[in-house]
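Data block below; observations after.
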Amino acid sequence: MEELSHFINGQRVKGTSGRFADVFNPATGEVQARVPLATKDEMDAAIAAAAEAQPKWGATNPQKRGRVMMEFVRLINRDMEKLAEALSREHGKTIPDAKGDVQRGLEVIEFCIGAPHLLKGEFTDSAGPGIDMYSMRQPLGVVAGITPFNFPAMIPLWKMGPALSCGNAFILKPSERDPSVPLMLAELAKEAGLPDGILQVVNGDKESVDAILDNETIQAVGFVGSTPIAQYIYSRATANGKRAQCFGGAKNHMIILPDADMDQAADALVGAGFGAAGERCMAISVAVPVGEKTADMLIEKLVPRIEKLKVGPYTAGADVDYGPVVTAAAKQNILGLVQSGVDQGAELVVDGRDFNLQGYEDGFFVGPHLFDRVTTDMDIYKKEIFGPVLCQVRAETYEEAIGYAMDHEYGNGTAIFTRDGDAARDFASRINVGMVGINVPIPVPLAYHTFGGWKKSGFGDLNQHGPDSFRFYTRTKTVTSRWPSGLKEGGEFHFKQMD
Ligand code: NAD
């Protein structure tokens, strides 16, 4: 069996802890590799080596750092097929979806080529007599990213791109479920010209995460994953004086007004609800049609579409709609929640519980499910299911519908489907959710905007990628300068006004 490694100081390095996690092929259920879980000492050593390498990289001019990103883009494109295959093999998503995962990360690296522009400071000429004032953005030093299993290319790239192009050294602790792509990306970054030690990939679990959170050298922590862990990491990192941005779980509502194009809404719901087996933080998991007629029509349109979905392994070709979920435990959790929905009185309109794929009986496949008449007290409504399960909640009015999205504890993404511009505008303005789609079911912002949820979906004040990421990974220094002709005026004892 393949034994994976860490990537430290420019090379693959075996783990020394003797502890490993199994990496599955979710389509077959087989363990295909094992990944070492680093000790605190291994993590501390990787951080210390990064700290040694960082000053030189931080002093490299931003244009040169941008050029490394430019070459990184070329190499990721060159290896797109290889990356997508490795990604699908460990995650289970289809090859086109895996390419999308790489692509949406790649776009952030493209954005980072603009580092010289993004790092330009501010300058005030003659802020006072003979006085100039300027602000510069400087790297933080060594920073870290802790990432989830569901986007093993995109989210590590979202974090490493801005962190590195700002001049930091970056420690990546990827998900132990699918660590191969992050390791491959680190090798490509080295090939692109990134100096050794500037990007360290240290695999591990809670022990290595805690080592990051407690290490005094680490200046900032970016996290993406489930809400309880996001909250834990935010609290411990900030208690230790670090900057932190921690993004958590989601329960994304899509509101369908009676004037919406129902075919379009049904297509959007099927793609956004079941794509990647529902394992996306921007998946739509709750449909809220307004009015009984709208709800009935939507069910009528959804059922045949859902029953037609093709579930299979990534190797089965391009017409597979979605693959397995990531682990047997994830499958158990999803099916347990489906059972709770039935027990608590929701109407299971499409029942995927008996789904079985011939030849892949040990794979972690879950059939598609559609619930109707879901109410807010049910577990399938309150909890993030993170599987191919769509819940319909019926609302009588627009106000009731928007209220559901507003009152839910998560606030990552949401969408409205309507032909009424006024309603859409009102929705976008009032909704307390970070990313909003208008007739767009998965409104993931592009690289030059920022990505982040509200409420329990995000902790910290700056979003991922876009201009916010350059603020997160730098600190501002402001210089007030005067070049007097000589010391003639004596000391100043009060706060000076610029008159
Ligand atoms: P997870 O929280 O289980 O794991 C995320 C990371 O935290 C992993 O690297 C893992 O090793 C580490 N970790 C897990 N338990 C830990 C512990 N007790 N202490 C310290 N570290 C720990 O999440 P996951 O299952 O990998 O990913 C799915 C979750 O991520 C979903 O909730 C999904 O909504 C969320 N997600 C959110 C966004 C977003 O931008 N808001 C994006 C993608 C995924």
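For the subset of segment 164-185 comprising residues that are over 22 Å from THR474 (Cα atoms) and buried (at least 24 other Cβ atoms within 10 Å of the Cβ), which member is nearest to the ligand (Cβ to nearest atom)?
SER175
Please work out which residue is farthest from the chain's Cα centre (by Cα), limiting yourself to segment 233-264 and to residues that are crowded, with 24+ Cβ neighbours inside 10 Å and in a helix (DSSP H, G or I).
Among those that are crowded, with 24+ Cβ neighbours inside 10 Å and in a helix (DSSP H, G or I), it is ALA237.
Counting just the residues of segment 387-425 that are in a loop (DSSP other than H, G, I, E, B) and in contact with a Ser or Thr (Cβ under 8 Å, 6 or more places away or on another chain), which one comes out surrounded by the most Cβ atoms within 10 Å (Cβ to Cβ)?
Result: ASN412.
Go through the residues of segment 137-160 one by one and say whether even a single one is under 17 Å from LEU83 (Cβ atoms) and away from the ligand (no atom under 15 Å from the Cβ).
No - not one qualifying residue is present in segment 137-160.
Go over the candidates LEU157, LEU118, LEU172 one by one and state the one that is hydrophobic (A, V, I, L, M, F, W, C) and in contact with a strand residue (DSSP E or B) (Cβ under 8 Å, 6 or more places away or on another chain).
Going through LEU157, LEU118, LEU172 in turn, just one is hydrophobic (A, V, I, L, M, F, W, C) and in contact with a strand residue (DSSP E or B) (Cβ under 8 Å, 6 or more places away or on another chain): LEU172.
Can you tell me which residues in segment 120-135 are acidic (Asp, Glu) and under 11 Å from THR478 (Cα atoms)?
To start, the set of residues in segment 120-135 that are acidic (Asp, Glu) comprises 122, 125, 132.
Passing the criteria: GLU122, ASP132.
Working only within segment 332-357, note down all residues that are part of a helix (DSSP H, G or I) and over 23 Å from GLN392 (Cβ atoms).
Within segment 332-357, GLN332 is the sole residue that qualifies.
Which residues, taken from segment 41-60, are outside any helix (DSSP H, G or I) and without any contact (Cβ under 8 Å) to a residue 40 or more places away in the chain?
Hits for segment 41-60: nothing passes.
Answer yes if at least one residue in segment 281-297 is on the phi > 0 side of the Ramachandran plot and either in contact with a strand residue (DSSP E or B) (Cβ under 7 Å, 6 or more places away or on another chain) or acidic (Asp, Glu) (or both), and no otherwise.
No, every residue in segment 281-297 fails to be on the phi > 0 side of the Ramachandran plot and either in contact with a strand residue (DSSP E or B) (Cβ under 7 Å, 6 or more places away or on another chain) or acidic (Asp, Glu) (or both).
Within segment 1-34, which residues are β-branched (Val, Ile, Thr) and in a loop (DSSP other than H, G, I, E, B)?
At the first step, the residues of segment 1-34 found to be β-branched (Val, Ile, Thr) are 8, 13, 16, 23, 28, 31.
Residues satisfying the conditions are THR16, THR28.
If you check LEU487 against the conditions, is it out of contact with any Cys (no Cβ under 6 Å at 6 or more places or on another chain), outside any strand (DSSP E or B), at pLDDT 95 or above and not aromatic (Phe, Trp, Tyr)?
no
Please enumerate the residues belonging to segment 221-277 that are more than 9 Å from the ligand (Cβ to nearest atom) and free of Cβ contacts under 8 Å to residues at least 24 places away in the same chain.
Scanning segment 221-277 gives SER235, THR238, ALA239, GLY241.
Can you work out which of the residues in segment 1-36 that are of a type in the set (Val, Ile, Thr) and over 25 Å from ALA328 (Cβ atoms) is surrounded by the most Cβ atoms within 10 Å (Cβ to Cβ)?
ILE8
I'd like the full set of residues that are in a loop (DSSP other than H, G, I, E, B), acidic (Asp, Glu) and more than 16 Å from the ligand (Cβ to nearest atom), limited to segment 358-386. Don't jump to the end; show me each part of the working.
Just the residues of segment 358-386 that are in a loop (DSSP other than H, G, I, E, B), to begin with: 358-368, 373-378, 383-386.
Okay, now just the ones that are also acidic (Asp, Glu), so 361-362, 377, 384.
Residues satisfying the conditions are GLU361, ASP362, ASP377.
Report yes if VAL286 is over 16 Å from the mean Cα position of the chain (by Cα), surrounded by 21 or more Cβ atoms within 10 Å (Cβ to Cβ) and either assigned to a loop (DSSP other than H, G, I, E, B) or within 16 Å of the ligand (Cβ to nearest atom) (or both), otherwise no.
Numbers: over 16 Å from the mean Cα position of the chain (by Cα): yes; surrounded by 21 or more Cβ atoms within 10 Å (Cβ to Cβ): yes; either assigned to a loop (DSSP other than H, G, I, E, B) or within 16 Å of the ligand (Cβ to nearest atom) (or both): yes.
Here the answer is yes, as VAL286 does meet what is asked.
Taking GLY204 as the residue in question, decide whether it is buried (at least 19 other Cβ atoms within 10 Å of the Cβ), near the ligand (Cβ under 10 Å from one of its atoms) and either in contact (Cβ under 8 Å) with a residue 24 or more places away in the chain or in a loop (DSSP other than H, G, I, E, B) (or both).
Yes.
Just to be sure I understand, how many residues within segment 267-290 are small (Gly, Ala, Ser) and farther than 21 Å from ILE402 by Cβ?
Residues flagged as small (Gly, Ala, Ser) and farther than 21 Å from ILE402 by Cβ within segment 267-290 amount to 5.
For segment 476-498, name all the residues that are surrounded by 10 or more Cβ atoms within 10 Å (Cβ to Cβ) and among the charged types (D, E, K, R). Step through it out loud before you land on a result.
Restricting attention to segment 476-498, the residues satisfying the condition of being surrounded by 10 or more Cβ atoms within 10 Å (Cβ to Cβ) are 476-482, 496, 498.
Of everything in segment 476-498, those that are surrounded by 10 or more Cβ atoms within 10 Å (Cβ to Cβ) and among the charged types (D, E, K, R) turn out to be LYS477, ARG482, LYS496.
Check segment 182-205 and report whether any residue there is of a type in the set (Lys, Arg) and over 20 Å from ALA51 (Cβ atoms).
no
When you go through LEU172, LEU188, LEU164 one by one, which is the residue that is in the same structural domain as VAL221 (by TED's automatic domain parsing) and not in a helix (DSSP H, G or I)?
The unique qualifying residue is LEU172.
Would you point out which residue out of TYR473, TYR448 is crowded, with 22+ Cβ neighbours inside 10 Å, under 20 Å from LEU118 (Cβ atoms) and away from the ligand (no atom under 14 Å from the Cβ)?
TYR473 is the lone residue from the list that is crowded, with 22+ Cβ neighbours inside 10 Å, under 20 Å from LEU118 (Cβ atoms) and away from the ligand (no atom under 14 Å from the Cβ).
The values are calculated or read from the model by the stated rules, or taken from the named source; none is laboratory data. The structure displayed is predicted, hence computed values, not measured ones. Cβ: placed from backbone, ideal geometry, glycine included. Neighbour counts: every protein chain shown.
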